[in-house]
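The next block holds one structure in the form of structure tokens; read it before the comments.
The values are calculated or read from the model by the stated rules, or taken from the named source; none is laboratory data. Predicted model only: the values in this text are computed from it and were never measured. Here the Cβ positions follow ideal geometry from the backbone for every residue, glycine too, while neighbour counts run over all protein chains shown. For the accessible areas, the whole protein counts, side chains as well, though only heavy atoms, and no ligand, DNA or RNA atoms are used. Shrake-Rupley method; radii C 1.70, N 1.55, O 1.52, S 1.80 Å.
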Amino acid sequence: MKFNIFRSHDDRGSGDPTQTPRMGGHVLPAARSDGPDGPTADAVEPTDATAGPALQPRPAEPLGPIKIRARDVSVHYGDKQALHDVSVDIPDKTVTAFIGPSGCGKSTFLRCLNRMNDTIPSARVTGRIEMDGQDVNSKSVDPVLLRAQVGMVFQKPNPFPKSIYENVAYGPRIHGLTTSKADLDGVVEKSLRRAGLWDEVADRLHSPGTGLSGGQQQRLVIARAIAVEPEVILMDEPCSALDPIATAKIEELIDELREQYCIVIVTHSMAQAARVSQRTAFFHMGRLVETGNTEEIFTNPRERRTLDYITGRFG
Amino acid sequence: MSALLFLLPIVLAVAAFVAGRAVAHRRFDGVRPHSRPSQHAALAAIWVAVPALVVVLAAALFGGQVERGLLEADQPAAVVALDDIRRDAFYADVHRVAGGETPLQTWEAPLSADLQSQAVRAGQLDSIRLVGALAAALLAAAIGGLFAFSRIRPDLRARNRVEGWVVGVLLACAAVAVLTTVGIVASLLIDATRFFERVPVQEFLLGTQWSPQTAIRADQVGSTGAFGALPLFAGTFLIMLIAMAVAAPVGLMSAIYLSEYAGPTTRAIVKPVLEILAGVPTVVYGFFAALTVGPAFRAFFNGIGAQLIGGPLDGLGQYLMLVQNQMALVAGGVMGIMLIPFVSSLSDDIINAVPQSLRDGSYAMGATKSETVGRVLMPAALPGVAGALLLAVSRAVGETMIVTMAAGLAARLTLNPLDTVTTVTVQIVTLLTGDQEFDSAKTLSAFGLGLTLFLATLVLNIVAQRIVQTYRQQYD
């Protein structure tokens, strides 16, 4: 059921010319010949620092290979530059948190990863973003297929004005992932189960998705995103509109989803970043200030600005 | 000259405002008043202007009657002998002579002499009336002004009083529209009742024969009058259906194009052009339909008919050869074009009101633009669009000019778009234009039709507004 857009990481570097990755039906121009670089130094750097007393970042775990590699990404909205030369590596099977004060560019950067900025006419993105070694901004990449591969969850739950079932079936339907009704039923059930919503909605799959509570709606939206089997899930402040109990459920869910997906989460809550993420990137004034293992960022940041932010001196 | 009297309250109000402000400033020296001096001044201006205005209005409305009464109180015997209509004509000429014009009729002696003498008196009365009105208005203004100026004190709540007057004036303006509607409905109801006394309701609503010619003379034949309005309803419905078949898809799709696909430049050009289309008078659409579209369609169908005659479809060919300029298809099609901007601008608003988060959600799932429009935006906008279409239907039903010029007059119970049909509005126009007597079933039937049309569009509008409203609340 995977799309044939990117090579999955297991067959990378095989050197077999028939393995040339395809994207949107076209042979990609430049498959990286040298194979993926290993995780950068700070990505694999083992952290022996113990958890800080205030926040309890999870102990360092082995990180997956680099899934997304951004280099010198800048974004302009009209004349205004929203993002300045951001370079960051995002590992697979890991939760990466983007933190920083409002307007610091973290959501803007997130929207670059699935080319959602294309839908804003005045936005202009420069720099290079590679996913599994392929430039997502390349002309040969169809943003429609890219977005099928990179799911996104928004700040405000945005279920479509359809039934719960239809909401989850939306992606599989538009991408023609299933061949029969039974197949589709299976996908819907599996996605809802993975999003931890199945038990709550199994008896009312055909009632409107907009009738659910905020937390349920957000989990429905997550189920909708994972129904197309993406490789990456982007979350733009997914809990900012939810109460603490619904937030806890979503965070639990994010932790479970980490097993299978590369997750990038933008959050205003530093406690949440510490709870759910293994990697943290701190943005300030449209620049990436510091990135590193979450534990390290929260206990022993290298940058003064990061320390000031996480200790609440500004932001 | 008496029109200038209406300037008097305005002049007085300005003077009172200026004076009132000065007085207020002087009296409030060193104290902190409840209201600002300009508010006291506005109150004083109101108290001066309103009495003066009332007097001037009364003089304008009743002055003529009083003058006529004074003239008649002392009129020559020859005038008394005239019948009412002739006496009215006589006094009309008296006023013309008094105003320096020539009389409309020649009055024989002794009336000619009476005309001159009465005209002299009327001239005197006119000037007395003018001076009197002026004096009375000034007096009323002075009394009001005295009252208002004596009350300019720091503790007077002038601001609240002025606000009260503002509310009153606004309410009066709003009431004009409401009361007019009530009046229209009442007159419609009264005349429709008179019609339904002559023709039973069920015969009117369900009868299939419409032939409103009634006998004027007793010996007239063939004009017994039949008031079955079903063919008219059918014609209205058919034309509405054709119009909506044109306007709904085209309007909706242009709205989708404008709101989802068009760039800012295209939008900046297409939107105003559509609005120009909305501003074209319906009579222009009417003659476009009657003089351009109608003949073109007839030529087209006649051409097809000529090809078919003699062949296996000879019957159809014969029919097509007989198609006329006036047909439901022409009137409905042109009306549909008229409704396109109406549908598209309403739908455009509604589609724009669908939250951006739904579009983002759909695009983020990897949906294309058309998938997003078809599967997310349209279902979300559907209730609102349905409301917009119902509003368009109610306009199509009430539209008059295009159908009058392009649909024809034959009341025929048919759903064939190539036939000549007639509509409720067309029949109302033909029943009430020209010289008509207003006590025959023929003319009164127009009110029956009008009432039916009014009720139908009222229900449509209420339902549509309700739908649009609930839709708007959904996303606020």
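State yes or no: is residue B:367 under 30 Å from residue A:155 (Cβ atoms) and outside any helix (DSSP H, G or I)?
yes
Among the residues that make up region B:438-461, is at least one of them touching a Pro at 6+ places or on another chain (Cβ under 7 Å), surrounded by fewer than 23 Cβ atoms within 10 Å (Cβ to Cβ) and modelled with pLDDT of 85 or more?
The answer is no, given that none of the residues of region B:438-461 is touching a Pro at 6+ places or on another chain (Cβ under 7 Å), surrounded by fewer than 23 Cβ atoms within 10 Å (Cβ to Cβ) and modelled with pLDDT of 85 or more.
Of the residues in region A:91-112, how many are surrounded by fewer than 19 Cβ atoms within 10 Å (Cβ to Cβ) and aromatic (Phe, Trp, Tyr)?
Selection size over region A:91-112: 0.
Please state which of the following conditions residue B:433 fails to meet, knowing it meets all the rest: (1) within 23 Å of residue B:239 (Cα to Cα); (2) open to solvent by less than 40 Å² (accessible area, probe 1.4 Å); (3) within 23 Å of the chain's Cα centre (by Cα).
(2)
Is it the case that some residue within region B:276-298 is of a type outside the set (Lys, Arg), free of Cβ contacts under 8 Å to residues at least 12 places away in the same chain, within 14 Å of chain A (Cβ to nearest Cβ) and part of a helix (DSSP H, G or I)?
Within region B:276-298, not a single residue is of a type outside the set (Lys, Arg), free of Cβ contacts under 8 Å to residues at least 12 places away in the same chain, within 14 Å of chain A (Cβ to nearest Cβ) and part of a helix (DSSP H, G or I).
Go through B:366, B:332 for me and flag whichever is buried (at least 24 other Cβ atoms within 10 Å of the Cβ), in contact with a Gly (Cβ under 9 Å, 6 or more places away or on another chain) and of a type outside the set (Ser, Thr, Tyr). Before the answer, list the steps.
Working: B:332 fails: in contact with a Gly (Cβ under 9 Å, 6 or more places away or on another chain).
Testing whether each residue is buried (at least 24 other Cβ atoms within 10 Å of the Cβ), in contact with a Gly (Cβ under 9 Å, 6 or more places away or on another chain) and of a type outside the set (Ser, Thr, Tyr) leaves just B:366.
Farther than 30 Å from residue B:39 by Cβ, at pLDDT 85 or above and open to solvent by less than 60 Å² (accessible area, probe 1.4 Å): is that true of residue B:133 in this structure?
yes
How many of the residues in region B:307-329 are crowded, with 17+ Cβ neighbours inside 10 Å and aliphatic (A, V, I, L, M)?
Total meeting the criteria: 6.
Of everything in region B:82-111, what is touching a Lys or Arg at 6+ places or on another chain (Cβ under 7 Å) and aromatic (Phe, Trp, Tyr)? Give them in sequence order.
The answer is B:91, and nothing else.
Is it the case, given these coordinates, that residue A:246 is open to solvent by 10 Å² or more (accessible area, probe 1.4 Å) and without any contact (Cβ under 8 Å) to a residue 40 or more places away in the chain?
yes
Matching residues to (1) within 11 Å of chain B (Cβ to nearest Cβ); (2) in a loop (DSSP other than H, G, I, E, B):
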position	(1), (2)
A:189	no, no
A:193	no, no
A:196	no, yes
A:210	yes, no
A:221	yes, no
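Are any residues in region A:130-146 within 14 Å of another protein chain (Cβ to nearest Cβ) and open to solvent by 10 Å² or more (accessible area, probe 1.4 Å), and if so, which ones?
The answer is A:142, A:143, A:144, A:145.
For region A:113-129, how many residues are at pLDDT 90 or above, more than 13 Å from residue A:235 (Cα to Cα) and open to solvent by less than 10 Å² (accessible area, probe 1.4 Å)?
1
Could you tell me whether residue B:346 is of a type outside the set (Gly, Ala, Ser), more than 31 Å from the chain's Cα centre (by Cα) and crowded, with 19+ Cβ neighbours inside 10 Å?
no
Checking residue A:99 against (1) β-branched (Val, Ile, Thr); (2) in contact with a Phe, Trp or Tyr (Cβ under 6 Å, 6 or more places away or on another chain); (3) within 14 Å of chain B (Cβ to nearest Cβ), only one condition comes out false. Which one?
So the condition that residue A:99 fails would be (3).
Quick grid of which residues meet (1) surrounded by 19 or more Cβ atoms within 10 Å (Cβ to Cβ); (2) more than 11 Å from chain B (Cβ to nearest Cβ); (3) modelled with pLDDT under 90:
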position: A:155; (1), (2), (3): no, no, yes
position: A:159; (1), (2), (3): yes, no, no
position: A:165; (1), (2), (3): yes, yes, no
position: A:168; (1), (2), (3): yes, no, no
position: A:185; (1), (2), (3): no, yes, no
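Taking the criterion of being within 12 Å of another protein chain (Cβ to nearest Cβ), free of Cβ contacts under 8 Å to residues at least 12 places away in the same chain and either in a helix (DSSP H, G or I) or over 21 Å from residue B:275 (Cα atoms) (or both), would at least one residue in region B:347-359 satisfy it?
Checking region B:347-359: at least one residue is within 12 Å of another protein chain (Cβ to nearest Cβ), free of Cβ contacts under 8 Å to residues at least 12 places away in the same chain and either in a helix (DSSP H, G or I) or over 21 Å from residue B:275 (Cα atoms) (or both).
When the residues of region B:374-389 are narrowed to those that are open to solvent by 10 Å² or more (accessible area, probe 1.4 Å) and more than 9 Å from chain A (Cβ to nearest Cβ), which ends up farthest from residue B:255 (Cα to Cα)?
Here the residue is B:383.
Scan (1) more than 22 Å from the chain's Cα centre (by Cα); (2) farther than 27 Å from residue B:322 by Cβ for the single condition residue B:457 breaks and write down its number.
(1)
Considering each of B:373, B:403, B:393 in turn, give the residue that is closer than 30 Å to residue A:224 by Cα, out of contact with any strand residue (DSSP E or B) (no Cβ under 9 Å at 6 or more places or on another chain) and assigned to a helix (DSSP H, G or I).
Unique residue meeting the criteria: B:373.
Taking helices (runs of 4 or more DSSP H) that do not extend beyond region B:30-130, which have at least 3 residues that are open to solvent by 40 Å² or more (accessible area, probe 1.4 Å)?
In region B:30-130, B:37-73, B:84-98 are the helices (runs of 4 or more DSSP H) which contain 3 or more residues that are open to solvent by 40 Å² or more (accessible area, probe 1.4 Å).
Being surrounded by fewer than 22 Cβ atoms within 10 Å (Cβ to Cβ), over 26 Å from residue A:81 (Cα atoms) and of a type in the set (Asp, Glu), is that true of even one residue in region A:301-310?
For region A:301-310, residues surrounded by fewer than 22 Cβ atoms within 10 Å (Cβ to Cβ), over 26 Å from residue A:81 (Cα atoms) and of a type in the set (Asp, Glu): absent.
Residues being assigned to a helix (DSSP H, G or I), closer than 18 Å to residue B:204 by Cα and touching a residue at least 12 places away in the same chain (Cβ under 8 Å): count how many of those fall in region B:433-457.
15
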